[in-house]
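In what follows, a single structure is set out as structure tokens and then discussed.
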Amino acid sequence: MESLLFWFFSVIAVVSAVLMVCFRNPLMGALSLAISFLATAGLFALMTGPFVAIMQVLVYAGAIMVLVIFVIMLLRADEASLDRERIGPFRFALGALIGLPFGGFLLVAVGNFGGKVEAATSALPPDFGSMKSFGRMLFNQYMYPFEIVSILLLVAIIGVVVLAKRDF
Amino acid sequence: MDVLDRPEGFLMVAAVLFVIGVVGFILRRNLIVLFMCVELMLNAVNLTLMAVARYVGASMEGQIMVFLVMAVAAAETAVGLAVVIAIYRKRATVDVDDMTVMNG
Amino acid sequence: MTGSVVESLMAVAPALNLALAGMAVVFGETFIGKGLDRRWLVSLALLGSVLGLLFTFLLWEPASTASYSVFQGLATVDTFALFLGGVILLCTILTLISSVDYLRRFGLDRGEFYALVLFSATGLWVMVATTHLFIIFLGLEVASIALYVLAGYFRKRDRSLESSLKYLLTGAFASSILLYGFAMVYLATGTVDLNGVAAAVESGEASTSVMLLALALILVGLGFKVAVVPFHMWAPDVYEGAPSTVTGFMATAVKAAGFGVLIRVLTVGFGSYLPDAGTMLFWVAIATILAANLVAVAQSNVKRMMAYSSVAHAGYAFMALFVLTQNTPGASGEAVRGLLFYLPAYAVSTLGVFTIISFLEDRRGRGLELEDYAGLYRRYPGLSMGMAVFILSLGGIPPTAGFLAKFHVFGAVISCGVESGSSQPLALAVVGILGSLIGLYYYLRVLIFMYMHEPQEDDRQFRLPALGVSFVVLVTAVLTLWLGLGPAVGFGAADILGWAEAARP
Amino acid sequence: MADSIAWIPGVLLLGAAVNGLLTLCSAHRGGPKKGMVIPFALGAPWIAFALSVMAFFKVKGGEVLSTSLYQWFDGTLFTVDVAFQMDSLSAVMILVVTGVGALIHTYAVGYMSKDPGFGRFFSYLNLFTFFMSILVLGSSPLLLFVGWEGVGLCSYLLIGFWWKDGAKAQAGSKAFIVNRIGDVGFVLGVLLIISTVAASGKSVHDFASLEAFATGDGKAALESPFIGSFSVVEVAGFLLRLGAFGKSAQLPLYVWLPDAMAGPTPVSALIHAATMVTAGVYMVARLHFLFVMAPTAMAFVAIVGALTALFAATIGIAQNDIKQVLAYSTVSQLGFMFAAVGVGAFSVGIFHVVTHAFFKALLFLGAGSVIHGPHEEQDMRKMGGLIKIMPITGWTMIIGSLALSGVPPFSGFFSKDEILASTLHPHPAFPGGIGPILYVILTIASLCTAFYTFRMVWLTFFGESRVDPEVRKKAHESPAIMTLPLVILAVGAAAIGFLGVPHALGGHNVFGSFVRQTVTSEVEAAHEGSGALLLVGIAVAIAILGVLTSYWFYRVRPSIPGRLFAGLGGFGRLVASAYRVDALYAKTIVNPLTRSAKRIFYEVIDVRFVDGLVNFFGSFTKGLAGLMRLFQTGAVRTYVFFMMIGAILLVWSVFSWS
């Protein structure tokens, strides 16, 4: 049952990612990407990460994608630019030139990863991935990166102001 | 053997997503789609991190990282969209191949 | 040692000072408003970075006996981190000072700029002061995002915005690849702490194919940040379009941090896998030195030429990394020390050049062509003198910092060849020297224009160099000569080479 | 401290710094006042000369002066101090550098007096002398390299001093590129030696320790095979020699020197005749202990030197520009010096450096005076009879020419005779037969030398004046500040040779034994007392033959065709004029000889080969750069594409090499 779910989510994630690249209209692309993210959230949940899965749905598929779609609407792509997006045989060949060997290397390397693994969920701590244990770990052990990320977000805020505020 | 007993399945899905992001980045010209491709790549890394946290590390370290990577991705997207808007105001284009004032 | 929160905060005090100063500047700008004299904000920013430098000195002694490992081991403050952090702080201070006049001339003298420089420096500092791959990534992102914005700071200029966009797109792409590499390390060893990685590699538990993939991807990601061929192509465009003082910061502080991380990751984490990277580092170094120097010859824009020069210098520094892969302990030590010395030596000269470039740039972003430098010594004799010192240093002519640095690195490469009996290092040394030969050609061209050519019809007004500009040029010129004359020249100052020696990881 | 030899470079640096500052501070006003520049411009070299003389007397007493300022490099690989040393070899060189240098500085005050860049010129010139003193006094190869690069840089600046047009800039680039080719060799050679020393666990690198290393426990390491059957020291020697060839303008790297004459004449005298170009010879003599271990490379040096001496001399015959004659003559004389150090007669080579410094500086300064007199005319065909207008310049130059031609008892005779004699006693490890071959080549070169030197003298100073009458009215003898150095140099050029009177003539060769205090190798000792009376006789005969031939060609015979063509009236007179006769002789005798020489060595080697090489590098660089700039399209997607290609190659390389 659960492995069926794995196939289900995986196929959706990959197919919608491919669609994202193929759709000439960026709006359709953004929607496909959102679907891909939702499917990935499902994969996260399968790997005992309920909290991260929820965050994926809320932050990624929710907030960020809405922002992206908003901007796309704001900038309205015209027909001419859609035409220029057509992926002809030459561009397709370029993509294949990069994608096939690179993908091959990645797949061979991770596919042949033969390390020792924890298979059963029961081998993990009982509250693995729960929001409570997550929060405790984040604010004790991982306070330092958390602080760094807070600076990062501050930088992003200042950056948006500097770049996009009208009367700067 | 069940696909959920080993991380390889997840890892390979992640690798495929990553490569799709890379190829999309090279093929597409719309700036916003390029940012989405980077998002896809980061998402693929997140999937890898989750799989490693679950199967190899058996600790939540990886999940914390995923959480923080999401924040990084959000910040990158925000700044990226701001640049796109600033450029659109000046040049009325979002085609990356028009951004070639400087070359050589 | 692990200790209390206070101890943790003390250990990362340099970064803390930078971050706090950055926040103070932002709040000052936001809440005090338009009537504010920005000199207060600059002073605040400078105070933060100077205090950071002060803490670096204070921490040096204790860190050299037992390095601080704080925040649950996520931050490692050792002499290596402090050394590179010191270089980063120095670059920050000089960038801040030289930016004041530059921004004021364009009416863009705002707190956000200084804050972003400070945050960027914070990120770089965090990056070098850790053995935790993920913290490295976060520090890198903080620094990079701040720099993406800084590159586009002159958003009225097409070039500045384009520079920002290009940096952002390629930078985000490279960061993803780097992060994938880190994830591969995590996959192979189950940990992202370099010490743990080393232990796993030692015990043979690590998956070889995944580790090798990780090695390659990490080199791609960091190779992008330090701009080596073929991951350098963003650099000329971004360097050309970004505000000149920001370019200076990018070419020095970011490079220092990037090389610091490269040294740390390669020597600590990858131990027995390093020999596999030998060939690829060899070709990367050769391609970088030759390509960058050749293309630089064809440039007529000084700023763009300096961009290629900075790529070329990354190539020379990469030669030292190559030595690390050759199993020659004696030469490796010398190479790391040479590389660590290379970073400040290169940084002071480059910052000096970019300060002068920024001073000569006019409101419309002109004044960057080689012809604009014709007869410069008539108008700005002091700056020309400084420029001559920097150019000679970058060209590797004794007795300047650049020569000493290059000599150490080349020496390490050759002694690696003698030690290992392999001809690869010798070939690399020949290419390196050949590259400097080509390099001198375009460096000296700047001197020729400045001193030999008659000034053009001059519609630009003579401006007295601002105090900040003069100060930075003076300090960097003195440092360039001082580092080049050798460590023991008076003033009772400790020697940088000695520090570099002590800072070896 | 006060009598430390570090003051010699110190004083010179001070002079350069003060003049540099003066120039910078008054750059807005177009340069400092001459009165402010002169005290430092002249004070620095003269004080340095006085200090050198004082130090010289200590060295003469058998002392080796050394002073260490501070540690420059420290570390596992090498420890190098910024230290100066003065032994007999560097004492001789520093006396030449500061002494001849001070005279040329003095002369230049007169020569450059109307130039707007007066202050700048002297700050460069002082800086040059400073670097030259570092080169000569530095106690380690690295410090030598500092001076080496420094003089190269100053030379580059000074050649370009009057650059306004593209052609001269081209000459500057040529000098630059050719010199850098040599420098690559030099740096690699030094690094190779240093690494070899470091590999045997030593880290000290002054010349004394290197000599101890090379003759002691490092001998085996240095003689171990390195590339093929060549030992480390052979390879290093070859590389160092490449540097020496570049700096000292030897085949095939000599082409830059004639072009370098674009600079002001005092620069040609100081840098491109008396001091910098001899740095290569000095370096070989300084590192003699390494070179004697590499006989193959040494023989190579000797042959290249001798060939250069011959070829440059033949080219010198065909030149009409007075400075070009002297330039090729310098190349040729440097060839003599390399032949000497190549066969292992280091002290003899250095002796020729010294005598050559005097007479060639004299000739260049005289030429400068000649050029200055008839108003910037360099073509000898438009001179003639100048001895009446400028007698001091004329007679001093004749003394210089006698010295250059090797006519006894002028200085060039002694040093050249010794070189010729020493070729017959080459390094014992040389293959047999090289000695006599070298001797023959150099003897022919001496003949040519005497010929072209006096061709210059006859054409310039004697015969009917071919100077434009308008110009002749304005032509004048140079002021005293220019002629005084000429006179002093003429005295030196005449007398300095007596320091090295060979044993064959009953002398003691004071100079040789003084330099041999430092250069103490067995190969060198073999030359002690070489040279039979017969050889001296041949040398004298050759020199006089050359002088007489040129007299015959340019003074005696012109009248014969003149009388012959007298019946032909105006046409005959035209033909009989020296200019025409010169052309006639050139067509019948000189040209077939020199044209073939020129075609082979000038057109093929210089224009085709080296110029071609330089141009090739230039266009190749540009082409390649253009090609690579094509990839730099400005498009982000291109950049990422190449980045991914790089990434794929990297991943592939780690997988395939593991």
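Note on segment A:111-124: residues that are more than 7 Å from every other protein chain (Cβ to nearest Cβ), part of a loop (DSSP other than H, G, I, E, B) and under 15 Å from B:S59 (Cβ atoms) total 1.
Against the definition (modelled with pLDDT under 95, buried (at least 20 other Cβ atoms within 10 Å of the Cβ) and more than 21 Å from B:V52 (Cα to Cα)), how does A:I98 come out, yes or no? Even if it seems obvious, please write down each step before you answer.
Working: modelled with pLDDT under 95: yes; buried (at least 20 other Cβ atoms within 10 Å of the Cβ): yes; more than 21 Å from B:V52 (Cα to Cα): yes.
When the stated conditions are applied, A:I98 passes them.
Residues that are under 13 Å from the mean Cα position of the chain (by Cα) and either under 22 Å from A:R91 (Cβ atoms) or among the hydroxyl-bearing types (S, T, Y) (or both) within segment A:11-44 comprise A:V14, A:S16, A:A17, A:M20, A:A30, A:S32, A:L33, A:S36, A:T40, listed in sequence order.
Would you confirm, using the coordinates I've provided, whether C:D193 is within 14 Å of chain D (Cβ to nearest Cβ) and acidic (D, E)?
Details: within 14 Å of chain D (Cβ to nearest Cβ): no; acidic (D, E): yes.
It is false that C:D193 is within 14 Å of chain D (Cβ to nearest Cβ) and acidic (D, E).
Of all residues in segment D:224-246, those being among the aliphatic types (A, V, I, L, M) and under 20 Å from D:G335 (Cβ atoms) number 3.
Enumerate the helices (runs of 4 or more DSSP H) found wholly within segment A:1-97, keeping only those where 1 or more residues are acidic (D, E).
On the way: elements: A:2-22, A:26-46, A:50-55, A:65-75, A:79-84.
Filter on segment A:1-97 gives A:2-22, A:79-84.
Would a scan of segment D:106-123 turn up a residue that is in a helix (DSSP H, G or I), closer than 26 Å to D:E477 by Cα, touching a residue at least 12 places away in the same chain (Cβ under 8 Å) and of a type in the set (S, T, N, Q)?
Step one: of segment D:106-123, the residues in a helix (DSSP H, G or I) are D:106-111, D:118-123.
Next, from what is left, pick out any that are closer than 26 Å to D:E477 by Cα: D:106-111, D:118-119, D:121-122.
Keeping just the survivors that are touching a residue at least 12 places away in the same chain (Cβ under 8 Å) gives D:106-111, D:118-119, D:121-122.
Now narrow it down to the ones that are of a type in the set (S, T, N, Q): D:106.
Within segment D:106-123 (the criterion being in a helix (DSSP H, G or I), closer than 26 Å to D:E477 by Cα, touching a residue at least 12 places away in the same chain (Cβ under 8 Å) and of a type in the set (S, T, N, Q)), the answer is yes, since at least one residue qualifies.
Among D:H356, D:H425, D:H352, D:H372, which is the only one that is under 30 Å from D:V519 (Cβ atoms) and modelled with pLDDT under 85? Let's see the steps before the verdict.
Numbers: D:H356 fails: modelled with pLDDT under 85; D:H352 fails: modelled with pLDDT under 85; D:H372 fails: under 30 Å from D:V519 (Cβ atoms).
None of the others qualify; the one that does is D:H425.
Here is a yes/no grid of residues against (1) more than 29 Å from B:L27 (Cα to Cα); (2) buried (at least 20 other Cβ atoms within 10 Å of the Cβ); (3) facing another protein chain (nearest Cβ under 7 Å):
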{"residue": "A:F9", "(1), (2), (3)": "no, yes, no"}
{"residue": "A:R24", "(1), (2), (3)": "no, no, no"}
{"residue": "A:G29", "(1), (2), (3)": "no, yes, yes"}
{"residue": "A:A53", "(1), (2), (3)": "yes, yes, no"}
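Quick one: is D:A279 aliphatic (A, V, I, L, M), in contact with a strand residue (DSSP E or B) (Cβ under 9 Å, 6 or more places away or on another chain), assigned to a helix (DSSP H, G or I) and closer than 23 Å to D:L157 by Cα? In short, no.
When you look at C:S436, is it surrounded by fewer than 20 Cβ atoms within 10 Å (Cβ to Cβ), hydroxyl-bearing (S, T, Y) and either more than 8 Å from chain D (Cβ to nearest Cβ) or outside any helix (DSSP H, G or I) (or both), yes or no?
Numbers: surrounded by fewer than 20 Cβ atoms within 10 Å (Cβ to Cβ): no; hydroxyl-bearing (S, T, Y): yes; either more than 8 Å from chain D (Cβ to nearest Cβ) or outside any helix (DSSP H, G or I) (or both): yes.
So C:S436 does not fit the description; no.
Taking segment D:25-39 as the search range and keeping residues that are assigned to a loop (DSSP other than H, G, I, E, B) and more than 13 Å from D:S123 (Cβ to Cβ), which one is modelled with the lowest pLDDT? Please lay out each step first, then the result.
Looking only at segment D:25-39, we keep the residues that are assigned to a loop (DSSP other than H, G, I, E, B), and these are D:26, D:30-33.
Then drop every residue that is not more than 13 Å from D:S123 (Cβ to Cβ), which leaves D:30, D:33.
Details: D:G30: 65, D:K33: 76.
In this case the residue turns out to be D:G30.
Being more than 10 Å from chain D (Cβ to nearest Cβ) and under 19 Å from the mean Cα position of the chain (by Cα) is the filter here, so list the residues in segment C:388-399 that pass it. Across segment C:388-399, the qualifying residues are C:F390, C:I391, C:S393, C:L394. Residues that are in a loop (DSSP other than H, G, I, E, B), in contact (Cβ under 8 Å) with a residue 60 or more places away in the chain and either under 21 Å from C:A331 (Cβ atoms) or of a type in the set (V, I, T) (or both) within segment D:180-218 comprise D:S203, D:H205, listed in sequence order.
State whether the residues of segment A:125-142 include one that is within 14 Å of chain C (Cβ to nearest Cβ) and either assigned to a loop (DSSP other than H, G, I, E, B) or touching a Leu at 6+ places or on another chain (Cβ under 7 Å) (or both). Yes, some residue in segment A:125-142 is within 14 Å of chain C (Cβ to nearest Cβ) and either assigned to a loop (DSSP other than H, G, I, E, B) or touching a Leu at 6+ places or on another chain (Cβ under 7 Å) (or both). Inspection of segment C:98-108 identifies at least one residue that is at pLDDT below 90 and farther than 19 Å from C:L464 by Cα. Tell me, yes or no, whether segment C:133-153 has at least one residue that is more than 20 Å from the chain's Cα centre (by Cα), of a type in the set (G, A, S), over 13 Å from C:G248 (Cα atoms) and modelled with pLDDT under 95. Among the residues of segment C:133-153, not one is more than 20 Å from the chain's Cα centre (by Cα), of a type in the set (G, A, S), over 13 Å from C:G248 (Cα atoms) and modelled with pLDDT under 95, which makes the answer no. Inside segment B:1-52, residues that are in contact with a Phe, Trp or Tyr (Cβ under 8 Å, 6 or more places away or on another chain) and touching a residue at least 60 places away in the same chain (Cβ under 8 Å) make up a count of 1. Within segment C:56-69, the set of residues being modelled with pLDDT of 90 or more and surrounded by 22 or more Cβ atoms within 10 Å (Cβ to Cβ) comprises C:T56, C:L59.
For segment D:400-455, the set of residues classified as surrounded by fewer than 24 Cβ atoms within 10 Å (Cβ to Cβ) and among the β-branched types (V, I, T) consists of D:V407, D:I434, D:I437, D:V440, D:I441, D:T443, D:I444, listed by residue number.
Only a single criterion out of (1) more than 30 Å from C:P329 (Cβ to Cβ); (2) modelled with pLDDT of 85 or more; (3) in contact with a Leu (Cβ under 6 Å, 6 or more places away or on another chain) is not satisfied by C:P381, namely (2).
Yes/no matrix, rows are residues, columns are (1) in a helix (DSSP H, G or I); (2) away from chain D (no Cβ under 14 Å):
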| position | (1), (2) |
| --- | --- |
| B:V66 | yes, yes |
| B:A73 | yes, yes |
| B:E76 | yes, yes |
| B:I87 | yes, no |
| B:D97 | yes, no |
| B:G104 | no, no |
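When you check D:M644 against the structure, is it modelled with pLDDT of 85 or more and facing chain B (nearest Cβ under 10 Å), yes or no? Give the derivation first.
Details: modelled with pLDDT of 85 or more: yes; facing chain B (nearest Cβ under 10 Å): yes.
When the stated conditions are applied, D:M644 passes them.
Report those helices (runs of 4 or more DSSP H) wholly inside segment D:423-495 carrying at least 1 residues which are among the hydroxyl-bearing types (S, T, Y).
Values: elements: D:434-461, D:469-474, D:480-495.
Helices (runs of 4 or more DSSP H) meeting the threshold: D:434-461, D:480-495.
Taken over segment B:48-64, the criterion of being within 7 Å of chain A (Cβ to nearest Cβ), assigned to a helix (DSSP H, G or I) and surrounded by fewer than 24 Cβ atoms within 10 Å (Cβ to Cβ) is satisfied by B:V56, B:I64. Taken together, C:A374, C:A331 contain a single residue that is among the aliphatic types (A, V, I, L, M), buried (at least 24 other Cβ atoms within 10 Å of the Cβ), farther than 19 Å from C:V246 by Cα and more than 23 Å from the chain's Cα centre (by Cα), which is C:A331. Figure legend. Inter-residue proximity from segment D:263-290: first residues surrounded by fewer than 24 Cβ atoms within 10 Å (Cβ to Cβ), second residues of a type in the set (D, E), beta-carbon distance below 6 Å, spacing 6+ or different chains. Indicated pairs: D:F289/D:E211. Within segment D:232-264, being more than 30 Å from D:H105 (Cα to Cα) and at pLDDT 80 or above holds for D:V232, D:V233, D:E234, D:V235, D:A236, D:G237, D:F238, D:L239, D:L240, D:R241, D:L242. As a summary of the residue check, B:V84 satisfies the conditions (1) more than 19 Å from A:A164 (Cα to Cα); (2) surrounded by 24 or more Cβ atoms within 10 Å (Cβ to Cβ) except for the one numbered (1). Of the residues C:S49, C:S64, C:S8, the single one that is within 30 Å of C:L360 (Cβ to Cβ), part of a helix (DSSP H, G or I) and among the hydroxyl-bearing types (S, T, Y) is C:S49.
The values are calculated or read from the model by the stated rules, or taken from the named source; none is laboratory data. Everything quoted here is computed from the prediction, not taken from an experiment. With ideal geometry, Cβ positions are generated from the backbone for all residues, glycine too; neighbour counts draw on all protein chains shown.
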